[in-house]
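Read the structure below first, then the notes.
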Amino acid sequence: MSTPVGPYTPVVRAGDWLICSGQLGLRQGSLVAGGVAAQLTVAIDNLAELLRSEGGALANVAKTTVFLSDMADYAEMNDAYVEAFGDHRPARSAVAVAGLPLGALVEIEAWAHVPGQA
């Protein structure tokens, strides 16, 4: 699991919900090479690891927000997102931002519904 890059909790349980802070494409503390698709794939792997640590899985995700440093990367992000989530289609927002921590190209946060784990 990645160490947070700021003073926050990576995953918080609120009743039957897991709220996951934004995840970057970090491996061993460094952004992965390979552009938006590679970074998003690793970010979603990191998200899945957070969810597993609290009894959840990507299949429990109800809502994601994807932050892009350049909206021109939307199609590449979308392909990597579909590859990672498979047939599961959570509600999603995708927004362009002026910058992301550590110079990342993409970040993803999520809300997952995981009943009965409190």
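The values are calculated or read from the model by the stated rules, or taken from the named source; none is laboratory data. All figures in this text were calculated on a predicted structure; none of them were measured in a lab. Neighbour counts run over all protein chains shown; Cβ positions are idealised from the backbone, glycine included.
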If only one of 6, 29, 35, 56 is in contact with a Pro (Cβ under 9 Å, 6 or more places away or on another chain) and in contact (Cβ under 8 Å) with a residue 24 or more places away in the chain, which one is it?
6
Which one of these does residue 67 not meet: (1) more than 16 Å from residue 18 (Cα to Cα); (2) out of contact with any Asp or Glu (no Cβ under 6 Å at 6 or more places or on another chain); (3) in contact (Cβ under 8 Å) with a residue 12 or more places away in the chain?
(2)
Within segment 16-50, restricting to residues that are over 13 Å from residue 109 (Cα atoms), modelled with pLDDT of 95 or more and in a loop (DSSP other than H, G, I, E, B), the one that is farthest from the chain's Cα centre (by Cα) is 16
Within segment 54-62, identify whether any single residue is assigned to a strand (DSSP E or B), surrounded by fewer than 18 Cβ atoms within 10 Å (Cβ to Cβ), under 11 Å from the mean Cα position of the chain (by Cα) and of a type outside the set (D, E, K, R), and answer yes or no.
no
